[in-house]
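The structure appears below as structure tokens.
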Amino acid sequence: MAVLRIHVVWTAGSQISQRGRAGAADAPGPDLECLLSQVAGGDRDAFEAVCHLVDAAVYTAVLRVVRDPSQSEEVAQDVLVEVWRIASRFDPAKGSAMAWVMMIAHRRAVDRVRSAQKSAEREQRTAHAPVAYDEVAETVEARLERARVRQCLGSLTDLQRESITLAYYGGYTYRQVAELLGVAAGTVSTRMRDGLLRLRNCLERSDEN
Amino acid sequence: MRISRAAPHSLAGAYALDAIAGKDLVRFERHLTTCARCAERVRALREAAACLGAGPVIVPPPGLAERAIAAAAGIAQLPAAGPIPRAPRPRATSRVAVAVAGVAVIAAGFLGVAANTAAYRLSQQESRTHAIAAVLASADATVLKARVTTGGRATIIMSVREHALVFTAASLARVPSSKRYELWLMGPSGDRPAGMLPRAASNGMTGPVLARGLRPGDRLCLILEPSGGSSRPSSTVLMAVPL
């Protein structure tokens with residue numbers, strides 16, 4: 001089976017807009033892949049370019065999970081350093097460069113939330129002002145992309161959607177999600193899988209249109 | 001709970017979402033090395049999961065890239081083959097604990113999720129958060145932007161299907177403690193209070209506030225009211241958005 005590439009528009013910071021968005025849809029993709037292979041060879045200029053290309057996307061992905069802006073900044077910085085450290089392990093055959101970077105970002109963010117959960121339990125602290133975000137760089141592409149993902153999430157069953165969003169944005173494990181929703185852990189894991197498959201098919205379909 | 005023998009395949013989704021930890025993770029990663037089909041599936045599911053992070057971005061604090069570049073200067077790169085040792089992780093500070101404890105709401109533009117870390121229990125607050133998530137995730141959700149005449153920008157995510165909207169604002173003008181901003185729904189069905197805004201967080205953000213019971217022809221209005229609320233709109237409309 002060929003590796004599926006879902007076409008995602010990443011609004012990845014100012015550099016892209018400076019370069020012009022004639023081919024906005026394929027903006028950071030091929031570029032980023034090429035740059036990553038240079039980073040893997042120890043090219044610091046390429047790393048600098050990568051950082052400026054993905055910093056906003058990484059920070060946003062982390063902030064969605066971690067929520068606290070200053071903590072998110074720390075984690076985002078770690079993520080970028082990690083990209084430098086393990087660039088040699090990026091394999092284009094296994095997925096897009098941006099998905100790889102986002103995977104690192106999400107993992108780190110989830111790690112941070114989980115370690116915070118533990119200390120939170122110890123401290124039994126409660127309540128803090130929720131963090132809301134000011135959306136910026138609201139390009140037409142980004143807006144369409146978000147609408148597309150949202151629409152596809154809407155096509156999932158409630159349990160699939162809740163399982164996926166609690167895990168992805170809340171940083172919960174499938175067992176914690178099961179506890180939260182009061183269903184069996186095995187049910188949650190299959191809903192996550194089926195839901196992601198459905199999401200993938202939906203995004204693929206809307207890509208063709 | 002133990003995982004039955006047949007279960008590993010089904011964990012591909014949880015793995016792609018980074019939603020496995022501890023022994024489950026070790027077991028699944030071991031399984032991955034022997035199950036080519038699972039590895040393929042994980043790749044595909046990861047691409048789908050990564051899409052959840054797509055969309056409008058938030059401008060990072062200035063100098064983030066530069067600090068990362070400086071930090072990486074002292075970090076050796078991994079060779080192309082061999083295991084990936086985990087990088088040392090900075091320890092979490094108590095500030096995160098406070099931020100994450102209790103109820104935290106994500107209003108990341110299109111999705112919201114409740115995080116109640118104390119005991120993973122559903123609370124009263126959480127039903128509100130679920131309602132927010134329902135609005136943000138609904139297929140017909142639309143985003144409206146508006147300026148507040150006294151300063152600040154509002155973002156409204158509305159779902160007609162859910163008869164509800166989620167309101168957030170940035171940089172609203174400070175108000176004396178005797179006053180609070182209040183949302184109102186005004187239309188053919190009359191003027192109804194739709195929620196008091198909480199005080200702005202330290203980053204200047206306010207909300208999210210959930211307003212329910214939208215009716216045809218309503219406008220969403222923002223008015224400065226006495227801090228205890230008001231039974232009728234009692235001052236100038238600072239923002240009016242037709243819904």
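What the table shows:
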{"read-out": "Matching residues in the stretch A:85-97 - criterion: being open to solvent by less than 10 Å² (accessible area, probe 1.4 Å) and in a helix (DSSP H, G or I)", "value": "A:ALA87, A:ALA97"}
{"read-out": "Check on B:CYS51, more than 8 Å from chain A (Cβ to nearest Cβ), open to solvent by less than 30 Å² (accessible area, probe 1.4 Å) and farther than 17 Å from A:HIS52 by Cα", "value": "no"}
{"read-out": "Matching residues in the stretch B:204-243 - criterion: being part of a strand (DSSP E or B) and more than 21 Å from B:GLY151 (Cβ to Cβ)", "value": "B:LEU210, B:ALA211, B:ARG212, B:PRO242"}
{"read-out": "Only listed residue being open to solvent by less than 10 Å² (accessible area, probe 1.4 Å), in contact (Cβ under 8 Å) with a residue 24 or more places away in the chain, part of a helix (DSSP H, G or I) and more than 15 Å from A:ARG112 (Cα to Cα), chosen from A:ALA56, A:ALA76, A:ALA46", "value": "A:ALA56"}
{"read-out": "Of residues in the stretch A:176-199 being crowded, with 21+ Cβ neighbours inside 10 Å and either charged (D, E, K, R) or outside any helix (DSSP H, G or I) (or both), the one nearest to the other protein chains (Cβ to nearest Cβ)", "value": "A:ARG193"}
{"read-out": "Filtered residues of the stretch B:182-203 (kept if open to solvent by less than 20 Å² (accessible area, probe 1.4 Å) and under 15 Å from B:GLY152 (Cβ atoms))", "value": "B:GLU182, B:LEU183, B:LEU197"}
{"read-out": "Yes/no for A:ALA120 being farther than 22 Å from B:VAL209 by Cα, among the hydrophobic types (A, V, I, L, M, F, W, C), modelled with pLDDT under 60 and assigned to a helix (DSSP H, G or I)", "value": "yes"}
{"read-out": "Residue pairs meeting the criteria (Cβ under 6 Å; at least 6 apart or on separate chains; first more than 7 Å from chain B (Cβ to nearest Cβ), in the stretch A:93-109; second assigned to a helix (DSSP H, G or I) and acidic (Asp, Glu))", "value": "A:ALA97/A:GLU33; A:ILE104/A:GLU82; A:ARG108/A:ASP78"}
{"read-out": "Check on B:ALA194, small (Gly, Ala, Ser), outside any loop (DSSP other than H, G, I, E, B), at pLDDT 85 or above and out of contact with any Lys or Arg (no Cβ under 6 Å at 6 or more places or on another chain)", "value": "yes"}
{"read-out": "Meets criteria (in contact with a helix residue (DSSP H, G or I) (Cβ under 6 Å, 6 or more places away or on another chain) and more than 7 Å from chain B (Cβ to nearest Cβ)) for A:ALA87", "value": "no"}
{"read-out": "Top-ranked residue of the stretch A:126-147 - restricted to ones that are surrounded by fewer than 23 Cβ atoms within 10 Å (Cβ to Cβ) and over 23 Å from B:LEU210 (Cα atoms), ranked as modelled with the highest pLDDT", "value": "A:LEU144"}
{"read-out": "Selection status of B:LEU210, of a type outside the set (S, T, N, Q), at negative phi and touching a helix residue (DSSP H, G or I) at 6+ places or on another chain (Cβ under 6 Å)", "value": "yes"}
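Per-residue answers, yes or no, for (1) more than 17 Å from A:GLU73 (Cβ to Cβ); (2) modelled with pLDDT under 80:
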site	(1), (2)
B:ARG30	yes, no
B:VAL42	yes, no
B:LEU45	yes, no
B:ALA48	yes, no
B:ILE69	no, no
B:ILE84	yes, yes
B:VAL103	yes, yes
B:ALA115	yes, yes
B:LEU122	yes, yes
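The values are calculated or read from the model by the stated rules, or taken from the named source; none is laboratory data. It should be emphasised that the depicted structure is a prediction, and the values quoted were computed from it without experimental measurement. Here Cβ is always computed from backbone atoms with ideal geometry, including for glycine, and neighbour counts include all displayed protein chains. Surface accessibility is based on the protein's heavy atoms, side chains included, excluding ligands, DNA and RNA. Shrake-Rupley method; radii C 1.70, N 1.55, O 1.52, S 1.80 Å.
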